[in-house]
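Q: Provided herewith is a single structure, encoded as structure tokens, for subsequent inquiry.
The values are calculated or read from the model by the stated rules, or taken from the named source; none is laboratory data. Here the structure is a predicted model, which means the values were calculated and not measured. Don't worry about glycine lacking a Cβ; one is built from the backbone with ideal geometry, like all the others, and counts go over all protein chains shown.
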Amino acid sequence: MNEQRSPLLSVESVSKSFDGLQALTDVNVVVPQGEITAVIGPNGAGKTTLFNVIAGSLRPDTGRVMFDGGDITGWPAHRVARAGIGRTFQLMKPFASMTVNENVLVAAFERTGRRAEASAKAAEIVERVGLGTWSGQLAGELPTAGQKHLELARALALEPKLLLLDEVLAGILPTERQLVIDLLREIKAAGVTMLLVEHVMAAVMALSDEIVVLHHGAVLAAGTPEQVTCDDRVIEAYLGEEQLIAEG
Amino acid sequence: MTRVAELWRRIDRNVKILVVVAVVLAVVPFVLSGSSLDIGVRILLFAMLASAWNLMAGYAGLFSFGHAAYFGIGAYATAVLQVDYGWSPWLGMLVGMALAGVFAIVSGYLSFRYRLRGAYFVLTTFAFAEMLRLIFLHWDFVNGAIGLRVPLIRESSWFDMQFPPGSRGYYYVVLAMLLAVLVIVVLLMRSRSGYYIVAIRDNEEAAAAVGVNPMRYKLYAVGLSGALTAMGGTFYFQYIFFIDPALAFGPAVSIQILLPAIIGGMGTMWGPLIGAFLLVPLGELTSGLIRTPPEFLSFLSGRAGLDLMIFGALLVAIIMFLPKGVYGSISDRVTARRQRRQHEEAVT
């Protein structure tokens, strides 16, 4: 079903090791245009490394990253961002000395040099992610959940074609998760493709069109949520482990 | 009249302060004269140099312990062109600014390219200044250790940036330079480039993730800071009529440039200016006290270096009790209070 859609991003046979430790081994991931793809896997499976390879913070040892018809392998992070890939960081990285609005303004400046226009857009996005009441506060003083929202707001202001979301739901109260899930659906409806790393399985199931399972740095399985959850290897290697622990 | 008032209300707060500061400082020479005018000139010179340093160290977060390099390049470029070729110091100033800007960008590029951070970056800036000092010390073309002297023309001339003793000329030249630097800082920090520079300081990785090229904007800040610092070097040579490698490139110069900004508040608009207003008179006071102490302090007389110790102790006290500088600490408190109120209003 998904094969007809052209991929916006494809990671092709990417490997990466750190000082002999193999973080990614021959990883292939295809992110179809307009869909939400989730990467799941236990801690240390290589999810964040994969993100950093795509976003340009890390150069892969082998393989290549194709985005929107071009090869972006090894591009520096700022060029990848300008090409249309926005990202959030798992450990939040606010511009701590600036207000919430100004944080988003920096990103909005990427699309327009006019200050008034960029400010208006930043204020609108801050409102949209639910940070309206915090707009004039210093970003460094926001609570964790607020900083998570700010990460998302900044990435959105870039007007990306592809959003890389690294655990945007971690640290957010279960009662507030639905708001973020709804927001991500809205963003998808606006035509933005997403690749997300997430531990909150309920959200992964609710949002994803495709799921890629990483295990020990290699792709264990990929497919629709139904396919993946029925896959014996996945149950054994990942879900099964948790079940055994839960039952044991 | 109401239209003027309306216009005034819409102007940025820092621009308003700048206009008021400019008017007040322009009137000062009609009140002061003689040696107090000299103190005024030094205050403005170091306010200007510290503001230029603040651009790189405060806003861009690239702490420099070697701004003497840019200062010295400005002083020597003017001196050589004036003494050997008869150029106007104004032209020499432009050449010096260009050379210092290029030197700052090249040395900055090397540091960033090889990822020197923190203490290593600071030491590199120091090393570059020392390197220039040693080169000039042994370079016959610039008269080596002997240095260069301003050719005296014995008349007041704006073209030659030379005025008779007691004239207000020097004061207005350095005031114009200070205002130029402040205007550049105000405009830059409101612009896209200014936001990028601060974003990179706050978090380089996050800035790159929204499309900001960190290398480009760090070099922008460094180059501009270097060029503006060179302007002060030009003025210094014209004002004291003399330059040699130690006066141009010595570590003492780097320290004098950075202290007002640290005392006043790094990364703030008005910190360097306030710092210079506190430090320069304080320095005059302590050194004057040692030269001619009052009766009850007569044991101080002739103890060279003691003034520097008093000075140092005062600095330690200021840094201990106002770690973000005089202006920085106060403005932080005001901002925090305003934000708390705004947030409470927004929530209710």
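Q: Would you mind telling me which numbered condition in (1) touching a helix residue (DSSP H, G or I) at 6+ places or on another chain (Cβ under 9 Å); (2) surrounded by fewer than 17 Cβ atoms within 10 Å (Cβ to Cβ); (3) closer than 16 Å to B:ASP244 by Cα B:ASP140 fails?
A: Result: B:ASP140 passes all but (1).
Q: Evaluate the following for B:PHE163: is it more than 14 Å from chain A (Cβ to nearest Cβ), touching an Asp or Glu at 6+ places or on another chain (Cβ under 8 Å) and either in contact (Cβ under 8 Å) with a residue 60 or more places away in the chain or closer than 27 Å to B:VAL23 by Cβ (or both)?
A: Judged against the criteria, B:PHE163 is not a match.
Q: Among residues belonging to segment A:140-169 that are among the small types (Gly, Ala, Ser) and modelled with pLDDT under 95, point out the one that is nearest to A:GLU102 (Cα to Cα).
A: Of everything passing the filter in segment A:140-169, A:GLY140 is nearest to A:GLU102 (Cα to Cα).
Q: Continuing with the same structure: What residue, of A:PHE109, A:PHE95, A:PHE89, A:PHE67, is modelled with pLDDT under 95 and buried (at least 21 other Cβ atoms within 10 Å of the Cβ)?
A: Only one candidate passes the filter, namely A:PHE89.
Q: Can you name every residue in segment A:173-203 that is over 23 Å from A:GLY46 (Cα atoms), of a type in the set (Val, Ile, Thr) and touching a helix residue (DSSP H, G or I) at 6+ places or on another chain (Cβ under 9 Å)?
A: A:VAL180, A:ILE181, A:ILE187, A:VAL192
Q: Can I ask one more? B:THR268 versus (1) within 14 Å of chain A (Cβ to nearest Cβ); (2) loosely packed, with under 15 Cβ neighbours inside 10 Å; (3) of a type in the set (S, T, N, Q): which is the lone unmet condition?
A: Among (1) within 14 Å of chain A (Cβ to nearest Cβ); (2) loosely packed, with under 15 Cβ neighbours inside 10 Å; (3) of a type in the set (S, T, N, Q), the lone unmet condition for B:THR268 is (2).
Q: When you go through B:VAL95, B:VAL21, B:VAL80 one by one, which is the residue that is in contact (Cβ under 8 Å) with a residue 60 or more places away in the chain and within 19 Å of B:PHE249 (Cβ to Cβ)?
A: Among B:VAL95, B:VAL21, B:VAL80, only B:VAL80 is in contact (Cβ under 8 Å) with a residue 60 or more places away in the chain and within 19 Å of B:PHE249 (Cβ to Cβ).
Q: Now for a separate question. Identify the residue in segment B:313-348 that is more than 14 Å from chain A (Cβ to nearest Cβ) and in contact (Cβ under 8 Å) with a residue 40 or more places away in the chain and, among all such residues, is nearest to B:ILE262 (Cα to Cα).
A: B:GLY325
Q: For segment B:185-253, which fully contained helices (runs of 4 or more DSSP H) count at least 3 residues that are within 14 Å of chain A (Cβ to nearest Cβ), among the hydrophobic types (A, V, I, L, M, F, W, C) and buried (at least 22 other Cβ atoms within 10 Å of the Cβ)?
A: Result: B:192-202, B:204-209.
Q: Is segment A:123-133 home to any residue that is modelled with pLDDT under 95 and facing chain B (nearest Cβ under 10 Å)?
A: yes
Q: Ok, one more. Restricting segment A:15-57 to residues that are without any contact (Cβ under 8 Å) to a residue 24 or more places away in the chain and within 14 Å of another protein chain (Cβ to nearest Cβ), which is farthest from A:ILE211 (Cα to Cα)?
A: Going through the qualifying residues, I end up with A:SER57.
Q: Turning to a different aspect of this structure: In segment A:103-114, which residue that is more than 7 Å from chain B (Cβ to nearest Cβ) and not hydroxyl-bearing (Ser, Thr, Tyr) is farthest from the chain's Cα centre (by Cα)?
A: Per the stated criteria, the residue is A:ARG114.
Q: Okay, moving on. Where in segment B:1-99 are there helices (runs of 4 or more DSSP H), lying wholly inside it, with at least 3 residues that are out of contact with any Lys or Arg (no Cβ under 7 Å at 6 or more places or on another chain) and closer than 30 Å to B:THR124 by Cβ?
A: In segment B:1-99, B:34-54, B:68-85 are the helices (runs of 4 or more DSSP H) which contain 3 or more residues that are out of contact with any Lys or Arg (no Cβ under 7 Å at 6 or more places or on another chain) and closer than 30 Å to B:THR124 by Cβ.
Q: Only one residue in A:ALA222, A:ALA170, A:ALA206 is of a type in the set (Gly, Ala, Ser) and part of a helix (DSSP H, G or I), so which one is that?
A: A:ALA206
Q: Would you mention how many residues in segment B:320-348 are among the acidic types (Asp, Glu) and surrounded by 13 or more Cβ atoms within 10 Å (Cβ to Cβ)?
A: 1
Q: Further question on the same structure: What single numbered condition from (1) farther than 19 Å from A:ILE40 by Cβ; (2) surrounded by fewer than 19 Cβ atoms within 10 Å (Cβ to Cβ) fails to hold for A:PRO160?
A: Only one criterion is unmet by A:PRO160, namely (2).
Q: Give the residues of segment A:134-146 that are part of a loop (DSSP other than H, G, I, E, B) and either surrounded by 18 or more Cβ atoms within 10 Å (Cβ to Cβ) or within 8 Å of another protein chain (Cβ to nearest Cβ) (or both), sorted by residue number.
A: Matches in segment A:134-146: A:SER135, A:GLY136, A:GLN137, A:LEU142.
Q: Which numbered condition in (1) part of a loop (DSSP other than H, G, I, E, B); (2) crowded, with 20+ Cβ neighbours inside 10 Å is the only one that A:HIS149 fails?
A: Here A:HIS149 clears every test but (1).
Q: Return the total of residues in segment A:58-83 being more than 10 Å from chain B (Cβ to nearest Cβ) and among the small types (Gly, Ala, Ser).
A: Residues meeting the conditions: 4.
Q: Right, here's the next one. Is there a residue being in contact (Cβ under 8 Å) with a residue 40 or more places away in the chain, within 14 Å of chain B (Cβ to nearest Cβ) and touching a strand residue (DSSP E or B) at 6+ places or on another chain (Cβ under 7 Å) anywhere in segment A:186-194?
A: Among the residues of segment A:186-194, not one is in contact (Cβ under 8 Å) with a residue 40 or more places away in the chain, within 14 Å of chain B (Cβ to nearest Cβ) and touching a strand residue (DSSP E or B) at 6+ places or on another chain (Cβ under 7 Å), which makes the answer no.
Q: So which of B:PHE71, B:PHE46, B:PHE30, B:PHE65 ends up being surrounded by fewer than 24 Cβ atoms within 10 Å (Cβ to Cβ), aromatic (Phe, Trp, Tyr) and in contact (Cβ under 8 Å) with a residue 40 or more places away in the chain?
A: Exactly one residue qualifies, and that residue is B:PHE65.
Q: While we're here: Any idea which of (1) part of a loop (DSSP other than H, G, I, E, B); (2) over 17 Å from the mean Cα position of the chain (by Cα) is the one A:THR175 doesn't satisfy?
A: (1)
Q: From the residues in segment B:127-178 that are modelled with pLDDT of 95 or more, among the small types (Gly, Ala, Ser) and closer than 23 Å to B:GLY66 by Cβ, which one is farthest from the chain's Cα centre (by Cα)?
A: That would be B:ALA127.
Q: Being closer than 25 Å to B:PHE277 by Cβ and part of a loop (DSSP other than H, G, I, E, B) is the filter here; which residues of segment B:306-348 pass it?
A: Correct list: B:LEU322, B:PRO323, B:LYS324, B:GLY325.
Q: Considering only residues of segment A:107-133 that are of a type in the set (Val, Ile, Thr) and in a loop (DSSP other than H, G, I, E, B), which is nearest to A:LEU91 (Cα to Cα)?
A: It comes out as A:VAL129.
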